[in-house]
Amino acid sequence: MKTVDIFGYSFSAIKLRKLRAALTILGVVIGIAAIVALLSITQGLQATITTQLQKGLSTNTLIVTPGQSALAQATSGSSGSGAGGQGFNLGGSRASSGFNLYVNYTQVIDALSPEIDGSFAVIERSGYVDADGINSSVTIYGVNFAQYAQQYSKTFVAASGTIPLNPTDNETVVGTLVNNPGQNSTLLFKAGDDVGIVWTNGTTLPVVNETYTAQVSAVLQKIGGFGVGGPSDSGVYIPLSQAESFFGTDQCSMIIVQLKSSNNATVTDVSEDITNYFGGQVSVISATAVLSLLSTVFGTIQLFLGGIAAISLLVAGIAIMNIMIVSLIERTREIGILKALGMKSRTVLNIFLGESVIIGVIGSFVGIALGWILANITAKLLASGAFGGNGFRVTPLLTPEVFLGALGFGIGVSVIFALYPAWRASKLKPVEALRYE
Amino acid sequence: MPTLVEAVNLTKTYMLGKVPVEALRGVNLKVEAGDFISILGPSGSGKSTMLNLIGALDKPTSGTLLIDGVDISKLNDNQLADLRRRIGFVFQFFNLIPRLTAKDNVELSMSIADMNRAERGKRASELLETVGLKDRVNHKPAELSGGQQQRVAIARALANNPKFLLLDEPTGNIDSKTANEILSLIKKLNVEHNVSIIMVTHDQHLAREAKRVVQMFDGQITSEVVNQE
């Protein structure tokens with residue numbers, strides 16, 4: 001029997017029992033929709049985070065922080081000292097080894113390798129900005145404006161005002177959330193205004209609020225949620241020298257190293273040089289390592305979520321098997337007739353499998369469409385802040401791999417669970433099947 | 001005349017639960033092309049078993065059965081299926097596929113035999129015209145009378161140009177007036193279209209319409225009558 005005729009016959013059998021077929025298909029639709037929705041949301045999330053990270057971390061940059069960070073341990077793979085328990089901490093959970101980085105270490109680092117183009121220090125503290133009595137919580141960064149602007153040329157960009165490359169001590173640059181926390185038309189201050197910068201000094205007893213007045217030279221463009229190592233929307237930037245005197249220290253939080261090349265060998269070599277020079281007391285993070293860890297983490301999340309969704313598809317598969325066994329019993333006589341007319345057992349098998357392919361194809365396509373719609377609705381809700389926060393922009397991503405995978409999985413499950421009923425149908429003896437009432 | 005069916009010392013034993021039942025006990029029969037033979041017998045005489053064997057639906061326990069020159073006990077399932085395409089089966093209960101129209105039912109046996117769509121559509125229409133159902137082509141079995149359904153079944157049986165028609169109580173489920181019409185149709189096919197007919201029945205009146213009447217009893221052929229016309 002020709003394939004087109006087999007499918008035609010299978011389809012006529014499905015059409016006869018529309019409600020039953022629709023319910024069977026619905027099972028596949030739900031399973032596939034769950035898989036597609038979950039995967040396209042997580043893949044969209046991964047793409048968003050990766051893009052944001054790539055803005056903050058250029059590939060020819062290393063970030064040196066004191067202590068061993070969880071990330072450095074997890075990505076180096078060599079230390080093996082319980083990396084799993086510490087989680088994902090980009091800033092580096094500083095081990096209390098007593099080792100500190102100092103601003104002038106940049107000179108040492110610059111001399112370590114000819115591949116190093118330059119390095120600069122960042123001092124980081126939590127603090128407040130006081131604008132006409134309204135305090136908002138911020139992170140204060142002490143940086144060299146010129147180097148910082150060169151390094152983060154895509155994100156350390158003024159939306160209003162001008163970033164001074166040679167600032168005086170009381171000039172400052174702020175992230176967009178600092179002067180406009182609600183991201184609406186209400187501005188706490190504008191470029192050119194004076195604000196108070198406050199830091200709670202916990203090194204003295206009693207604790208003292210250190211404060212000085214700075215003039216806002218520029219407000220940054222919106223950056224987004226994940227400016228790791230780079231500029232942040234809730235950051236306040238002050239000149240490095242001012243930070244040293246204001247915080248009373250030349251100890252820095254991180255040193256950012258620019259390389260002449262971004263190839264993997266250079267990144268690895270220089271990372272090792274720096275780590276070895278400091279006797280393993282620093283961690284060196286590269287964009288490559290962060291991105292590869294990120295893709296591992298997301299791979300695991302996707303496998304987990306996809307696995308849960310796949311279980312619902314298995315349930316659909318069992319329903320298909322159940323329905324087909326009922327259907328084959330009802331159609332015993334029909335199978336006898338077909339065999340008496342000269343149909344081969346294999347063709348009977350193919351007719352039943354053909355029905356499952358039709359169910360799988362319809363279920364998968366409808367499921368993919370529904371999953372895509374659900375993913376977009378979820379993304380809209382996320383963006384509107386329905387799940388809390390200021391709203392979080394994710395563009396769902398339906399990759400060809402997910403599309404084809406969902407299609408293949410939907411059809412595959414339908415066919416696999418139809419194998420047994422189809423095989424039983426094909427094995428019916430014509431004499432007995434014809435006698436069946 | 002080529003021989004269509006040749007049974008030599010044919011036996012068939014099957015198990016009814018744990019009890020062996022000897023349905024056929026040494027049957028010898030020869031059917032030649034152009035024949036119109038009826039196998040007559042009460043229930044339990046073995047005529048249904050004979051029908052299943054001649055229809056290549058089942059294999060004999062011993063003896064040989066040649067259908068169109070082929071020994072069916074040597075065939076596997078696929079070869080049996082192929083052989084069945086050369087036999088035109090007509091059942092007592094019509095056995096049409098309920099969801100298909102008359103025309104689609106006739107086409108089904110041709111599509112099983114791999115005939116292409118255009119050819120089988122044309123042939124199905126011609127066959128339905130031959131059996132007198134030209135204006136019922138697109139009706140489903142439930143919309144047809146018993147006699148009409150049996151005509152569709154006969155058209156379906158003829159679709160693949162079979163070596164012979166094998167009829168199982170063809171008028172057992174329809175009223176006597178319609179039964180006569182069906183009988184005339186069968187006779188016409190035999191005489192005008194030279195279709196060989198093997199008919200299994202317990203109805204003596206019907207059986208006597210055939211050229212040869214074979215009487216079965218207790219799994220054996222007890223007598224044979226040749227009608228002179």
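Annotations for the structure displayed:
- Only listed residue being among the hydrophobic types (A, V, I, L, M, F, W, C), free of Cβ contacts under 8 Å to residues at least 60 places away in the same chain and part of a helix (DSSP H, G or I), chosen from B:L57, B:L53, B:L100: B:L53
- Criterion (part of a loop (DSSP other than H, G, I, E, B) and either over 30 Å from A:K15 (Cα atoms) or within 14 Å of another protein chain (Cβ to nearest Cβ) (or both)) met by exactly one of A:V394, A:V431, A:V348: A:V394
- Wholly enclosed strands (runs of 3 or more DSSP E) of the range B:119-229 bearing at least 3 residues in contact with a helix residue (DSSP H, G or I) (Cβ under 8 Å, 6 or more places away or on another chain): B:164-168, B:196-201
Residues are listed down the side, and each one gets a yes or a no for (1) at pLDDT below 90; (2) surrounded by fewer than 17 Cβ atoms within 10 Å (Cβ to Cβ); (3) in a loop (DSSP other than H, G, I, E, B):
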{"residue": "A:G84", "(1), (2), (3)": "yes, yes, no"}
{"residue": "A:G92", "(1), (2), (3)": "yes, no, yes"}
{"residue": "A:S96", "(1), (2), (3)": "yes, yes, yes"}
{"residue": "A:P114", "(1), (2), (3)": "yes, yes, yes"}
{"residue": "A:D117", "(1), (2), (3)": "yes, yes, no"}
{"residue": "A:I123", "(1), (2), (3)": "no, no, no"}
{"residue": "A:A149", "(1), (2), (3)": "yes, no, no"}
{"residue": "A:S153", "(1), (2), (3)": "yes, yes, yes"}
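- Which numbered condition B:M110 fails, given (1) more than 11 Å from chain A (Cβ to nearest Cβ); (2) buried (at least 22 other Cβ atoms within 10 Å of the Cβ): (1)
- Which numbered condition A:T399 fails, given (1) within 14 Å of chain B (Cβ to nearest Cβ); (2) touching a residue at least 60 places away in the same chain (Cβ under 8 Å); (3) of a type outside the set (D, E): (1)
- Selection of the range B:211-229 for residues being hydrophobic (A, V, I, L, M, F, W, C) and modelled with pLDDT of 90 or more yields B:V213, B:V214, B:M216, B:F217, B:I221.
- The criterion of being assigned to a loop (DSSP other than H, G, I, E, B) and either out of contact with any Ser or Thr (no Cβ under 7 Å at 6 or more places or on another chain) or of a type in the set (S, T, Y) (or both) does not hold for B:S38.
- Residue pairs meeting the criteria (Cβ under 7 Å; at least 6 apart or on separate chains; first crowded, with 16+ Cβ neighbours inside 10 Å, in the range B:69-85; second among the basic types (K, R)): B:I72/B:K59; B:A81/A:K339; B:A81/A:K344
- Residues of the range B:114-135 that are within 14 Å of chain A (Cβ to nearest Cβ) and loosely packed, with under 14 Cβ neighbours inside 10 Å: B:D114, B:N116, B:A118, B:E119.
- Residue under evaluation A:A422, criteria (1) part of a helix (DSSP H, G or I); (2) of a type in the set (A, V, I, L, M); (3) surrounded by fewer than 20 Cβ atoms within 10 Å (Cβ to Cβ), criterion not met: (3)
- Meets criteria (more than 14 Å from chain A (Cβ to nearest Cβ), aliphatic (A, V, I, L, M) and touching a Ser or Thr at 6+ places or on another chain (Cβ under 8 Å)) for B:L65: yes
- Failed item in (1) under 36 Å from the mean Cα position of the chain (by Cα); (2) of a type outside the set (D, E); (3) in a helix (DSSP H, G or I); (4) farther than 25 Å from A:G31 by Cβ, with A:K339 passing the rest: (1)
- Meets criteria (buried (at least 21 other Cβ atoms within 10 Å of the Cβ) and out of contact with any Lys or Arg (no Cβ under 7 Å at 6 or more places or on another chain)) for A:Y141: yes
- Scanning the range A:2-24 for residues that are surrounded by 16 or more Cβ atoms within 10 Å (Cβ to Cβ) and either over 19 Å from A:R331 (Cα atoms) or more than 10 Å from every other protein chain (Cβ to nearest Cβ) (or both) yields A:F7, A:S10, A:I14, A:A21, A:T24.
- A:N322 in a helix (DSSP H, G or I) and either at pLDDT below 90 or within 14 Å of chain B (Cβ to nearest Cβ) (or both): no
- Some residue of the range B:89-106 being at the interface with chain A (Cβ under 10 Å from one of its Cβ atoms), modelled with pLDDT of 90 or more and within 24 Å of B:G34 (Cα to Cα): yes
- Some residue of the range A:282-301 being buried (at least 19 other Cβ atoms within 10 Å of the Cβ), within 14 Å of chain B (Cβ to nearest Cβ), out of contact with any Lys or Arg (no Cβ under 7 Å at 6 or more places or on another chain) and not aromatic (F, W, Y): no
Okay, residues lined up against (1) of a type outside the set (D, E, K, R); (2) closer than 26 Å to B:L53 by Cβ; (3) surrounded by 16 or more Cβ atoms within 10 Å (Cβ to Cβ):
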site: B:L183; (1), (2), (3): yes, yes, yes
site: B:I186; (1), (2), (3): yes, yes, yes
site: B:E192; (1), (2), (3): no, no, no
site: B:H205; (1), (2), (3): yes, yes, no
site: B:V213; (1), (2), (3): yes, yes, yes
site: B:V225; (1), (2), (3): yes, yes, no
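- Some residue of the range A:357-373 being β-branched (V, I, T), free of Cβ contacts under 8 Å to residues at least 12 places away in the same chain, away from chain B (no Cβ under 14 Å) and closer than 12 Å to A:S40 by Cβ: yes
The values are calculated or read from the model by the stated rules, or taken from the named source; none is laboratory data. Bear in mind that the values here come from a model prediction, so they are computed numbers and not experimental data. Glycine gets a Cβ as well: all are built from the backbone with ideal geometry, and neighbour counts include every protein chain shown.
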